[in-house]
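Working notes, structure below.
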Amino acid sequence: MKKLMIIDGSSLLFRAFFALPPLKSALGTPTNAVYGFLTMLIKLYEEIKPDYIAVAFDKGRQTFRTEMYSEYKGNRPDAPEDLRPQFSLIQDVLKALGICVIEEEGYEGDDILGSLSKKFGSSDLAVQIITGDRDNLQLVTDYSHVFLTKKGISDMLEVTLDNMTELYGYGPDKVIEMKALMGDSSDNIPGVPGVGEKTALKLINEYGDLESVYENIDNISGKKLKERLVENKELAFLSRQLATIKTDMDLSYTLDQFVQNFHLGEVKPMFETLGFTKLTPRLASVMGAEGGDTEDFGGLFSMAEEIKIEDLLDASALTEEFYTEKTIGVHIITDGKAPFRTITSAFINNGESIIKLDGSHNDKLLNALNGAKTVVTTQSKELMEVLCHDEPAQIRFYDDGKARIYDVSLMAYLLDPTRTNYGYLYLTERFSVPSIATGSVDVECVSMVKALLAMNDAAVKALQDESLWDLYNNIELPLIHTLLVMEKNGIYIDPVKLEETTVKFKAELEAVQQEIYELAGETFNINSPKQLGIILFEKMNLPVIKKTKTGYSTDAEVLDMLRHESPIVEKILAYRSVAKLVSTYCEGLSVLINPETHRIHTTFNQMVTATGRLSSSDPNLQNIPVRTEKGREIRALFYPGEGFDTLVSADYSQIELRILAHLSGDKALIKAFNDGKDIHRFTAAEVLGKSQDEVTSEERSHAKAVNFGIIYGISDFGLSRDLGITRQEAKNYIELYFSRYPKVKEYMDNMVQEAHETGKVRTMFGRMRELPDINSRNFNRRSFAERTAMNTPIQGTAADIIKLAMNKVESILEEKTFKSRLLLQVHDELVLEVVNEELDAIQTLLKETMESIVALHVPLIVDVHNAENWALVK
């Protein structure tokens, strides 16, 4: 039987955009969604092998459904800026590949899918619908199957008449009946308020369809449910209309128009411009291109032919001879989340042969890592974490001071820290190494481990060319061990007090919600920007600060500007603050507690921020608000664990201002720090022409805002907003500041000029950040890049210093076999749990080590405190 594959183009492009890290062509065109779409297309061709293909797209937001219900899809935000141009780009690419692209005014892509499948599906032609939208399950028939994207851009679920009821509890004929009752928040289909999926399924399974539900309304149990159904009957029938995919569009296409006709000569130059050269031969192979020779593409196909699973060696071949004094590449596949993640398989390449191990051979893998001359991988921290649950020092990172571990993804991060992902596909592109994508996981892993050694050579050379090798070798590589130790240690949390705090916060949330309802004069969804905007700007007539394409803006900046307009605004801000603490920390922390130790093991992310700062996740312990009472209540839940007596915090004081003084060389600023002055009082006195004794607390506060604002390139507008003064006053203040600290102004100007000339800036330790928008014609983009040029060297240097310090502290703790141990790094603060007999020694160690870790023109000052919980420790 022949096959027609119909792709939901809009759905798959969205999914590809969010699944892959940002990519741009040499001309700066965003391309990640298109790249992901094409890699998915290759996989679909390999698995489905279609005879015919068409791709359907939405055409604008206005359709016959918005005419029925103006709020249909009204809650959807605009597509991200980098995604928008890729809609037209993917259509151009598909047309160049000879694939039929269809979009119709007034209809959605789903309607095209439905109409094509109804028109062509038959006993002679199977229709395969590819989509990420479960609405399309209503299109499943004997002849039409729906392939749902489940995860990323590679995992798909085939839904047929035979398995749909088993998978979802209902068949295709029940999809729109379900939507009529439960609605669909993603499309803003209202349904019957208060009726969820379980209730809808129960009603439809019992009565069959919407008409029958209402015909039997008197038999439905539950007074409240019956009331909701009766009151919202019109809404239910409207929702069913909105959810129904049209299958009778007048589409005049014939099957002949869906025969794909890919001509290599047309596609190759387009893909070269986009930077997709490695995709060209893969597409040519699966689509059967005309007019080209696939041997012209860097030997990719010869590499593919070399990869044969039957040639893999098994674990018995992993002898010392295989790895001793050799460089080996290691690629692992893991299962689960830290700290309980396990290895399912590992692939080791010594440049000659490849061995595959399963999770039962971790000891052999560990021996190979320590026995090899060097180890190349892309997941070094994960690899160490899995192999060294109990003792992170089990793996040697250096031999005589020379690095043994080469992490290609970490090197790529140092070369371009602005990305969100450093996966295999990106690395092969970044380091010009062939990659092979196939349907076989094992073949892909073999391809990966074969590529690692070639990637490493290119990555090391790139780091050396950019003078980044010392940063990798002296800061980032030893940091992997330090982070593993902290993650393994975890931090103790009192589960009983956590539950008490959760109950308390939820009660406060309920109370604030009621106050908001009373001030508004009605109940509404406080979490809905649309409903909140109507209350604030239409019912209460507050001044409109900002509008978006979907309505009034109610973001934090807008609400902050409206604080003094109505008491409801303060209540809404309070509600949002408590709600975030409840969801992120009260409820979020409870599921992450180790039930045996009552410890929480956060994951420290080394390759996330563009400045080099660490971040943490699952949970994020760096974002607990430290300056609010409720934030401190969350911190107060963390204690020293069993066997330890106190928590100790060591925090750099005003490190970024001290770095600014050092980098700028400003004599007045340097003297103030060297004399131990209160820098904010000193600045206020300098700017205002007063003695320091005459400076008021408000004037000191203003100077503090300027001191820290200068680091981030604050404008007169930003300062006027922050301090509640006029823009002219703010402008005068900034000018006076620079007249007192002229070298600061000179330094900032030099940084911006250097960025304009070189396209990048660096920290004291060579950490690099490229600024592609620094010479943009777009004022906002250029201005942001200029502010980034001012800030990155300062913030990045602070990140480097704390990393150096924590590495040194951990090294001394291990060398002197202290029982006390390092738990957390939060911005400029280290947190340890300490036993009383070591308290004085640990506090001295922290202060001396952190203050002497680097020599600046001004002293580094560290505040060290201890207390019974994290909130009291500062």
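Take L804 and tell me if it is under 27 Å from L637 (Cα atoms), out of contact with any His (no Cβ under 6 Å at 6 or more places or on another chain) and either assigned to a helix (DSSP H, G or I) or of a type in the set (A, V, I, L, M, F, W, C) (or both). Taking the combined requirement at face value, the residue does not satisfy it. Counting just the residues of the range 406-448 that are modelled with pLDDT of 75 or more and more than 26 Å from the chain's Cα centre (by Cα), which one comes out nearest to F37 (Cα to Cα)? Only one residue tops the list, namely S447.
Looking only at the range 586-616, how many residues end up being out of contact with any strand residue (DSSP E or B) (no Cβ under 7 Å at 6 or more places or on another chain) and either without any contact (Cβ under 8 Å) to a residue 40 or more places away in the chain or farther than 23 Å from H481 by Cα (or both)?
Adding up the residues that qualify gives 7.
Can you confirm whether the range 671-678 contains a residue that is buried (at least 20 other Cβ atoms within 10 Å of the Cβ) and assigned to a helix (DSSP H, G or I)? Yes; the residues of the range 671-678 include at least one that is buried (at least 20 other Cβ atoms within 10 Å of the Cβ) and assigned to a helix (DSSP H, G or I).
Only one entry of E633, E596 meets the criterion of being in contact with a helix residue (DSSP H, G or I) (Cβ under 8 Å, 6 or more places away or on another chain) and acidic (D, E), and that entry is E633. Taking the criterion of being among the small types (G, A, S) and surrounded by 16 or more Cβ atoms within 10 Å (Cβ to Cβ), the only residue of the range 192-212 that qualifies is A200.
Scanning the range 543-562 for residues that are within 15 Å of Q531 (Cα to Cα) and in contact with a helix residue (DSSP H, G or I) (Cβ under 6 Å, 6 or more places away or on another chain) yields a total of 5. Within the range 452-500, if we keep just the residues that are surrounded by 20 or more Cβ atoms within 10 Å (Cβ to Cβ) and of a type in the set (F, W, Y), the residue that is nearest to L410 (Cα to Cα) turns out to be Y472. Checking every residue in the range 106-119 against the condition of being over 26 Å from E177 (Cβ atoms) and either surrounded by fewer than 17 Cβ atoms within 10 Å (Cβ to Cβ) or of a type in the set (A, V, I, L, M, F, W, C) (or both) gives zero matches. Just to be sure, is G132 touching a residue at least 40 places away in the same chain (Cβ under 8 Å), of a type in the set (G, A, S) and over 25 Å from L283 (Cβ atoms)? When the stated conditions are applied, G132 does not pass them.
Checking E565 against (1) surrounded by fewer than 17 Cβ atoms within 10 Å (Cβ to Cβ); (2) at pLDDT below 90; (3) touching a helix residue (DSSP H, G or I) at 6+ places or on another chain (Cβ under 8 Å): exactly one of these is not met. Which one? With (1) surrounded by fewer than 17 Cβ atoms within 10 Å (Cβ to Cβ); (2) at pLDDT below 90; (3) touching a helix residue (DSSP H, G or I) at 6+ places or on another chain (Cβ under 8 Å) applied to E565, the lone miss is (3). Taken as a whole, the structure leaves E177 outside the set of residues that are in a loop (DSSP other than H, G, I, E, B), of a type in the set (D, E, K, R), under 16 Å from K246 (Cα atoms) and in the same structural domain as Y72 (by TED's automatic domain parsing). Among the residues of the range 201-223, not a single one is over 19 Å from R134 (Cα atoms), in contact (Cβ under 8 Å) with a residue 40 or more places away in the chain and polar (S, T, N, Q). Filtering the range 376-410 to residues that are over 23 Å from E325 (Cα atoms), in a helix (DSSP H, G or I) and out of contact with any Asp or Glu (no Cβ under 9 Å at 6 or more places or on another chain) leaves E382, V386, S409. Taken as a whole, the range 211-230 holds no residue that is closer than 19 Å to T66 by Cα and either in contact with a helix residue (DSSP H, G or I) (Cβ under 6 Å, 6 or more places away or on another chain) or not in a loop (DSSP other than H, G, I, E, B) (or both).
Within the range 216-240, being surrounded by fewer than 16 Cβ atoms within 10 Å (Cβ to Cβ), under 27 Å from L139 (Cα atoms) and of a type outside the set (K, R) holds for E234, F237. Evaluating I526 against the criteria (1) part of a helix (DSSP H, G or I); (2) under 32 Å from the mean Cα position of the chain (by Cα); (3) in contact (Cβ under 8 Å) with a residue 24 or more places away in the chain; (4) closer than 19 Å to P567 by Cα leaves one unmet condition, (1).
Would you mind listing the strands (runs of 3 or more DSSP E) fully within the range 603-654 where at least 2 residues are touching a Leu at 6+ places or on another chain (Cβ under 9 Å)?
Qualifying strands (runs of 3 or more DSSP E): 603-605, 646-652.
Within the range 758-789, if we keep just the residues that are in a helix (DSSP H, G or I) and hydroxyl-bearing (S, T, Y), the residue that is farthest from the chain's Cα centre (by Cα) turns out to be T758.
The values are calculated or read from the model by the stated rules, or taken from the named source; none is laboratory data. Predicted, not measured: the structure shown is a model, and the values here were computed from it. Here Cβ is always computed from backbone atoms with ideal geometry, including for glycine, and neighbour counts include all displayed protein chains.
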